[in-house]
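Colleague: Input: one structure, supplied below.
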Amino acid sequence: MNLKELYQEIILDHGKNPRNVGKFENFNKDAKGHNPLCGDKVHLFLKLDENKKINDISFEGEGCAISMASASIMTDLMKGKNETEVKEIISKFLDMIKEKDDIKSELLKDDEKMKLMSLGGVKNYPMRVKCATLSWHALTSALEDFQKEVTTE
Ligand code: ZN
């Protein structure tokens, strides 16, 4: 299996069987995202402790395989991370998805980088970039206390 096939495999897996789906009981923060161009919707639920560490995170949503895979991979990755770590990972991910060929971060294990890189195939397709980044923008808005829905437009 070459790298491209491996990346496709990861996206298909997470797109078909997304992890961390469903609202959980005691969330204390949530945020919605909407990508009207593709019709993707996500609703994130977070349990933040007093230091904004993510104790739990899940999502509900509907949309294309890329948007669902991205939300699934992101929620897997962010569980247990504190605010500083979350912000660094978001910024590295957005850099990679828009222009860079790699992700360099001490916070990520190799298999986690691999999962994020699998979404990097959208780089040359601006419409798809919006699918891949939707849940990430929603996470930023959840941490920044915005209450309105994020939209990619
Ligand atoms: Zn989409």
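Colleague: Would you mention how many residues in the stretch 104-153 are away from the ligand (no atom under 16 Å from the Cβ), open to solvent by 30 Å² or more (accessible area, probe 1.4 Å), within 22 Å of Lys32 (Cα to Cα) and at pLDDT 90 or above?
Modeller: Looking only at that region, the number is 1.
Colleague: Moving on to the next point. For Gly33, indicate whether it is open to solvent by less than 50 Å² (accessible area, probe 1.4 Å), in contact with a His (Cβ under 7 Å, 6 or more places away or on another chain) and within 16 Å of the ligand (Cβ to nearest atom).
Modeller: Criteria met by Gly33.
Colleague: May I pose another question? For Lys41, indicate whether it is over 13 Å from the mean Cα position of the chain (by Cα), on the phi < 0 side of the Ramachandran plot and surrounded by fewer than 21 Cβ atoms within 10 Å (Cβ to Cβ).
Modeller: For Lys41, the condition - over 13 Å from the mean Cα position of the chain (by Cα), on the phi < 0 side of the Ramachandran plot and surrounded by fewer than 21 Cβ atoms within 10 Å (Cβ to Cβ) - is not met.
Colleague: Oh, and also: Within the stretch 101-153, which residues are touching a Lys or Arg at 6+ places or on another chain (Cβ under 6 Å) and free of Cβ contacts under 8 Å to residues at least 40 places away in the same chain?
Modeller: Ile103, Ser105
Colleague: State all residues of the stretch 67-96 that are over 16 Å from Ala142 (Cβ atoms), open to solvent by less than 10 Å² (accessible area, probe 1.4 Å) and under 10 Å from the mean Cα position of the chain (by Cα); if no residue qualifies, say none.
Modeller: Ser67, Ala69, Ser72, Ile73
Colleague: Here is a check on your reading of the model: is Asn28 closer than 21 Å to Glu153 by Cβ and either modelled with pLDDT of 95 or more or surrounded by fewer than 20 Cβ atoms within 10 Å (Cβ to Cβ) (or both)?
Modeller: Taking the combined requirement at face value, the residue does not satisfy it.
Colleague: If you check Ile66 against the conditions, is it part of a helix (DSSP H, G or I), within 15 Å of Leu134 (Cβ to Cβ) and free of Cβ contacts under 8 Å to residues at least 40 places away in the same chain?
Modeller: In short, no.
Colleague: Go through the stretch 23-39 residue by residue and tally those that are without any contact (Cβ under 8 Å) to a residue 40 or more places away in the chain and either within 19 Å of His137 (Cα to Cα) or not in a loop (DSSP other than H, G, I, E, B) (or both).
Modeller: So the count comes out to 4.
Colleague: State yes or no: is Asp101 at positive phi and surrounded by fewer than 16 Cβ atoms within 10 Å (Cβ to Cβ)?
Modeller: It is false that Asp101 is at positive phi and surrounded by fewer than 16 Cβ atoms within 10 Å (Cβ to Cβ).
The values are calculated or read from the model by the stated rules, or taken from the named source; none is laboratory data. Model, not experiment: these values are computed from the prediction. Note that each Cβ is placed from the backbone with ideal geometry, even for glycine, and that neighbours are counted across all protein chains shown. All accessible areas refer to the heavy atoms of the entire protein, side chains included, with ligands and DNA or RNA removed. Shrake-Rupley method; radii C 1.70, N 1.55, O 1.52, S 1.80 Å.
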